[in-house]
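**Q** To start, I am sharing the structure in question, which I have written as structure tokens.
Taken together, the values in this text are just the output of simple stated rules run on the coordinates, not laboratory data. In this text the structure is predicted, and so the values were computed from the model without any measurement. Methodologically, a virtual Cβ is constructed for each residue, glycine included, from the backbone with ideal geometry; neighbour enumeration extends over all protein chains shown.
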Amino acid sequence: MREFQRVAVRLHILHHAAEEEVHGAWMTEELARHGYDISPGTLYPTLHRLEADGLLTSEQRVVDGRTRRVYAATEAGKEALEVDRHTLRELAREVLGDDLPGRDETTSDSTPAEEGAADAVGGGADCQHRGSRDH
């Protein structure tokens with residue numbers, strides 16, 4: 001089960017980084033809102049790994065007199081997120097059934113890009129999930 005939680009954390013990170021720039025402290029708070037108890041010693045290596053894999057990019061900024069590293073999804077990160085969303089939809093449909101809200105009737109079978117989904121999703125950091133909250 002821990003592996004699934006690591007993947008979920010990575011998906012959360014990619015999701016938010018694809019929408020706007022994020023930083024570690026905010027990401028820790030956001031993950032906590034969803035029930036994940038993740039320490040900075042776990043989160044930052046995950047962010048660095050996503051960056052090393054080419055899924056995130058980062059830069060340092062000075063905010064309120066303090067240096068902060070902000071992260072954004074790269075094009076490869078956004079593509080990996082879309083592949084992972086498709087994979088997650090398929091898994092949810094299989095495990096939870098066909099009557100899922102928002103089911104996309106036009107979802108096609110896997111694409112060649114999805115063959116790399118395991119690479120985009122795999123790996124990660126140790127964390128604990130305290131259960132679902134507002135998503």
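**Q** Please find, within region 30-61, the residue that is nearest to GLU79 (Cα to Cα) out of those that are of a type in the set (Gly, Ala, Ser) and part of a helix (DSSP H, G or I).
**A** The residue in question is ALA52.
**Q** Looking only at region 40-60, how many residues end up being hydroxyl-bearing (Ser, Thr, Tyr) and in contact (Cβ under 8 Å) with a residue 60 or more places away in the chain? Don't jump to the end; show me each part of the working.
**A** The first filter runs over region 40-60 and keeps only residues hydroxyl-bearing (Ser, Thr, Tyr), leaving 42, 44, 46, 57-58.
Among the residues that remain, those that are also in contact (Cβ under 8 Å) with a residue 60 or more places away in the chain are: 42, 46.
Residues that pass the stated criteria total 2.
**Q** For the subset of region 67-81 comprising residues that are part of a helix (DSSP H, G or I) and out of contact with any helix residue (DSSP H, G or I) (no Cβ under 8 Å at 6 or more places or on another chain), which member is surrounded by the fewest Cβ atoms within 10 Å (Cβ to Cβ)?
**A** Taking the candidates together, the pick is GLU75.
**Q** OK, next. Starting from residues that are exposed (fewer than 15 other Cβ atoms within 10 Å of the Cβ) and over 24 Å from GLU59 (Cα atoms), keep the ones in region 1-31 and report whichever is nearest to the chain's Cα centre (by Cα).
**A** PHE4
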